[in-house]
Ligand SMILES: [Zn+2]
C-alpha cells in the first residue's frame, strides 16, 4: 500500500510552524487534509514544503563550471553565450534526456520539487524539425517523470536575433520557432498534463520575439497557463531596447501587453523606480536566479523596493551553476546586504526571520509561476514535502522557529533528508533510487559533449 499520510512533529504551514501535523493525500498526490495537534508518534521531525525552481534550461547543467577561465577580452555574459551556443548546437535528444535526469536528481536532493523548464532547443542541429516536433521537450518531460520531478514545460518563442526583427544567426537556428509552431508544441505536450505536469509558453525575450508576436502568443494560449519571458537581464539589453523603442524593457512590455498574474518576468534585474512599482502592481512574479545572475555578472535586482511595493518573487537555478534552493536564497539576501551594507534585508512587519520570509515568499511566487497546485502544505496542493535531517549538528536542539534561518544561513551541508513529490518518496536518506544509473549515463554524455567542445 502506497504511503498516503505523514505525521510531522513540526510542519511549516502557510501561516507558520505548527506542531503534530498530520498531512494526508490521495492516490494522485494531492493533499486532502492537514490536521494539527494530532496524537501519535511522528514519522518526521521538521517538514517543509518543497521549493519551486521557476527557471531552468536543463541542457546548461552540462556546461556548469566550464566558462570560468578568463579569455583575452573582457569576459561577460556575451562570451559565456558563445560556449552555450556550442553546447546547444550539438546536444542530441538522448543526451538532453540524460542531462535533464541528472539535473532533476541534483535539484530534488537539494530541496526543489518542481521545475519550470524554459525550453528553446526545438530543432535538430541542422535546423530541421524533428519527426516528432516536440521531441526535445518530451525528452525533458520524460526525465522529470522518471526522476519524480514536477514540471512546467514552457516551449519558447524564438524568432529573431535582436531587437527590430533581426534575422537569427546560424547558431540560433535550433531555437527557430514562430507563434504557430509554439502553439503546436503546447498542443502536442498537452496530453501529458496532470498533477505532475503543466504546459505554458515563453517568448524568449524582447530581443527574440516581437511585441506583436508576444501579443498573439499570449492571446492564443489557453486561459490560466503560465507565461514566462527573460527581461532586462543585462545593461546592454536595456540600452538596445532604449535605442530601438525609446523605452526600457519592462516599461515597454508593460505598456504594450497586459501583464498579470500569469506572467513571470525572469531576471528583471535592471528596473528603474517606475518599473519597480509597475511590475509589483501587475501581480506578475519576478523570477530571480541569484547564482546565475552572479555568475554572469548581470547586476542586482532592486529587492527591497520591489518587496516594499508588494512585489512577488520566486527563485530559479537557470544555468545550473547552482542547484540548491538554499544557495539561491542565500545569494539573494547576501547580494542585497553587500549592496546596502546592512543585515537582515528580506523581512517585513509580520515576518522578521529572513529564512522564513524568503522560503515562504519564494514558495508563493514559484507556485504562481509554475501554474501548478504546489508551494504549500494545504488541501488541494501537491504533497511535495521535504523532511529535514534533524540529526544533523546544524539542527541540534533547534526550535522550529529557527529552522529556516539555520537551513538558509548555516553552512553548506545538505539538510534535506527525504523528499516526497506528489506523495511519492523520491529521495530517501539523501539518495535517489536511480541516482547511480543516472550519474553513469550523465558521465558518458559529458565525455561525448566535451570531446566536441574546444
Ligand atoms: Zn534563462
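Where helices (runs of 4 or more DSSP H) fall entirely within the stretch 212-317, those with at least 1 residues that are in contact (Cβ under 8 Å) with a residue 12 or more places away in the chain, within 13 Å of the ligand (Cβ to nearest atom) and under 23 Å from residue 107 (Cβ atoms) are at 290-296.
To keep it simple, each residue is scored yes or no on (1) out of contact with any helix residue (DSSP H, G or I) (no Cβ under 7 Å at 6 or more places or on another chain); (2) within 16 Å of the ligand (Cβ to nearest atom); (3) on the phi < 0 side of the Ramachandran plot.
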residue	(1), (2), (3)
54	no, yes, yes
57	yes, yes, yes
63	no, yes, yes
78	yes, yes, yes
87	no, yes, yes
104	no, no, yes
120	no, yes, yes
126	yes, no, yes
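Right, residue 109: surrounded by fewer than 24 Cβ atoms within 10 Å (Cβ to Cβ) and closer than 25 Å to residue 424 by Cβ or not? Taking the combined requirement at face value, the residue satisfies it. No other residue among 199, 250, 266 is under 15 Å from residue 183 (Cβ atoms) and either at pLDDT below 95 or buried (at least 24 other Cβ atoms within 10 Å of the Cβ) (or both) apart from 199. Does residue 81 fit the bill of being within 23 Å of residue 229 (Cβ to Cβ) and surrounded by 19 or more Cβ atoms within 10 Å (Cβ to Cβ)? It is false that residue 81 is within 23 Å of residue 229 (Cβ to Cβ) and surrounded by 19 or more Cβ atoms within 10 Å (Cβ to Cβ). On the basis of being surrounded by 16 or more Cβ atoms within 10 Å (Cβ to Cβ) and either within 17 Å of residue 81 (Cα to Cα) or in contact with a helix residue (DSSP H, G or I) (Cβ under 7 Å, 6 or more places away or on another chain) (or both), does residue 182 make the cut? Criteria met by residue 182. Considered as a group, the residues in the stretch 220-234 that are more than 15 Å from the chain's Cα centre (by Cα) and farther than 16 Å from residue 255 by Cα include one that is surrounded by the fewest Cβ atoms within 10 Å (Cβ to Cβ), and that residue is 223. Note on the stretch 153-183: among residues that are over 21 Å from residue 88 (Cβ atoms) and outside any loop (DSSP other than H, G, I, E, B), the one that is farthest from the chain's Cα centre (by Cα) is 180. Of the residues making up the stretch 28-52, those that are in contact (Cβ under 8 Å) with a residue 40 or more places away in the chain and more than 16 Å from the ligand (Cβ to nearest atom) number 15. Under the condition of being part of a strand (DSSP E or B) and in contact with a helix residue (DSSP H, G or I) (Cβ under 9 Å, 6 or more places away or on another chain), the residues counted in the stretch 12-39 number 5. Considering the conditions (1) surrounded by fewer than 16 Cβ atoms within 10 Å (Cβ to Cβ); (2) modelled with pLDDT of 95 or more, residue 99 is excluded by exactly one of them, (1). Within the stretch 324-344, one or more residues are surrounded by 19 or more Cβ atoms within 10 Å (Cβ to Cβ), in contact with a strand residue (DSSP E or B) (Cβ under 9 Å, 6 or more places away or on another chain) and not in a helix (DSSP H, G or I). Each residue in the stretch 30-56 was checked for being farther than 10 Å from residue 377 by Cα and buried (at least 20 other Cβ atoms within 10 Å of the Cβ), and 8 pass. When the stretch 235-246 is filtered for residues that are closer than 17 Å to residue 265 by Cβ and crowded, with 17+ Cβ neighbours inside 10 Å, the ones remaining, listed by number, are 237, 238, 241, 245. Given the criteria within 16 Å of the ligand (Cβ to nearest atom) and closer than 29 Å to residue 77 by Cα, does residue 333 qualify? No; evaluated as a whole, the condition is false for this residue.
Considering (1) in a helix (DSSP H, G or I); (2) in contact with a helix residue (DSSP H, G or I) (Cβ under 8 Å, 6 or more places away or on another chain); (3) surrounded by fewer than 18 Cβ atoms within 10 Å (Cβ to Cβ); (4) modelled with pLDDT of 95 or more, the lone condition that residue 448 does not fulfil carries the number (4).
The values are calculated or read from the model by the stated rules, or taken from the named source; none is laboratory data. These numbers were taken from a predicted model, which means no experiment stands behind them. A quick note on method: Cβ atoms are made from the backbone with ideal geometry, for glycine too, and the neighbour counts reach across all protein chains shown.
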